Amino acid sequence: MTSQEKTEEYPFADIFDEDETERNFLLSKPVCFVVFGKPGVGKTTLARYITQAWKCIRVEALPILEEQIAAETESGVMLQSMLISGQSIPDELVIKLMLEKLNSPEVCHFGYIITEIPSLSQDAMTTLQQIELIKNLNLKPDVIINIKCPDYDLCQRISGQRQHNNTGYIYSRDQWDPEVIENHRKKKKEAQKDGKGEEEEEEEEQEEEEAFIAEMQMVAEILHHLVQRPEDYLENVENIVKLYKETILQTLEEVMAEH
């Protein structure tokens, strides 16, 4: 009764302690993500968006190796010498460095997002061992995302990629193929026709025509610099997708059902 009277006496008093709330938040477990999906389906792209939104740490092999080399750590010096001599980086070393990152104070505070475990490579660890590695992390994954895409669509998209031989930038088919660009333009033009006056339509057509000419000029400039990487050949993409479905998919489905 006394506490009720006190509450009514100060109706606008804040009964929550902000400092305590902030302390509890800082001590709470950060949200951790794991993204599954076929090779090339867009796991890294999704991870970038999630990282921006949640401020978590992307734990991926290449950035970790680059970080070690730039910091000139003991592992970094060894990695540098291996790369200079043309040796490939052992899977055991990559996994070891990724585990160190996953157990770092930075990740313990902000959380993580993993996109490369389990990998198709079975040299260092089997698929089951890689899954157990995720399950036994100090910070358990809270959210598991499985990106689905039909095999045909995925194979067509990846086999349509081209790489610029100077910049290394990857262009999708709708960025370099004049026929595809023209088809997109026609569809967009037809969709925009309804409900517009003649003058407005003519102005927009002129602007679109100028933009289209500029785009085609850019395509013509880069086209002879584009090459298809061996991993993007259609038969190679189909083989990788088939290998994924045979060696990893069933195990992942069990993990997701359990989660």
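The values are calculated or read from the model by the stated rules, or taken from the named source; none is laboratory data. Keep in mind that what you see is a predicted model, and the values were worked out from it rather than measured. Neighbour counts run over all protein chains shown; Cβ positions are idealised from the backbone, glycine included. Note: accessible area is taken over every heavy atom of the protein model, side chains too, but ligands, DNA and RNA are not part of it. Shrake-Rupley method; radii C 1.70, N 1.55, O 1.52, S 1.80 Å.
Which members of the range 1-53 meet the condition of being modelled with pLDDT of 95 or more, aromatic (Phe, Trp, Tyr) and over 11 Å from the mean Cα position of the chain (by Cα)?
Result: 33, single match.
Which residues, counting only those in the range 67-92, are surrounded by 13 or more Cβ atoms within 10 Å (Cβ to Cβ) and of a type in the set (D, E, K, R)?
67, 91
Could you count how many residues in the range 125-136 are aliphatic (A, V, I, L, M) and either assigned to a loop (DSSP other than H, G, I, E, B) or more than 19 Å from residue 113 (Cα to Cα) (or both)? Steps first, answer last, please.
Step one: list which residues in the range 125-136 are aliphatic (A, V, I, L, M), which gives 125, 128, 131, 133-134.
Of the ones still in play, those that are also either assigned to a loop (DSSP other than H, G, I, E, B) or more than 19 Å from residue 113 (Cα to Cα) (or both) are 125, 128.
Within the range 125-136, residues that are aliphatic (A, V, I, L, M) and either assigned to a loop (DSSP other than H, G, I, E, B) or more than 19 Å from residue 113 (Cα to Cα) (or both) number 2.
Determine whether residue 251 is modelled with pLDDT of 90 or more, hydroxyl-bearing (Ser, Thr, Tyr), out of contact with any Cys (no Cβ under 7 Å at 6 or more places or on another chain) and in a helix (DSSP H, G or I).
Working: modelled with pLDDT of 90 or more: yes; hydroxyl-bearing (Ser, Thr, Tyr): yes; out of contact with any Cys (no Cβ under 7 Å at 6 or more places or on another chain): yes; in a helix (DSSP H, G or I): yes.
Yes: the conditions hold for residue 251.
What's the total number of residues in the range 28-59 that are of a type in the set (A, V, I, L, M, F, W, C), assigned to a helix (DSSP H, G or I) and surrounded by fewer than 18 Cβ atoms within 10 Å (Cβ to Cβ)? Even if it seems obvious, please write down each step before you answer.
Going residue by residue through the range 28-59, those that are of a type in the set (A, V, I, L, M, F, W, C) are 31-36, 41, 46-47, 50, 53-54, 56-57, 59.
Now narrow it down to the ones that are assigned to a helix (DSSP H, G or I): 46-47, 50, 53-54.
Next cut, surrounded by fewer than 18 Cβ atoms within 10 Å (Cβ to Cβ) only: 46, 53-54.
Here the count works out to 3.
Given 18, 106, 22, 116, which one is of a type in the set (Asp, Glu) and in contact with a helix residue (DSSP H, G or I) (Cβ under 9 Å, 6 or more places away or on another chain)? I'd like the intermediate steps shown before the answer.
On the way: 18 fails: in contact with a helix residue (DSSP H, G or I) (Cβ under 9 Å, 6 or more places away or on another chain); 106 fails: in contact with a helix residue (DSSP H, G or I) (Cβ under 9 Å, 6 or more places away or on another chain); 22 fails: in contact with a helix residue (DSSP H, G or I) (Cβ under 9 Å, 6 or more places away or on another chain).
Answer to the check: 116.
Out of the residues in the range 224-259 that are without any contact (Cβ under 8 Å) to a residue 60 or more places away in the chain and open to solvent by less than 70 Å² (accessible area, probe 1.4 Å), state the one that is nearest to residue 152 (Cα to Cα).
236
Filter the range 137-175 down to the residues that are of a type outside the set (A, V, I, L, M), buried (at least 17 other Cβ atoms within 10 Å of the Cβ) and outside any loop (DSSP other than H, G, I, E, B) and list them by number.
Residues satisfying the conditions are 155, 157, 159, 162, 171, 175.
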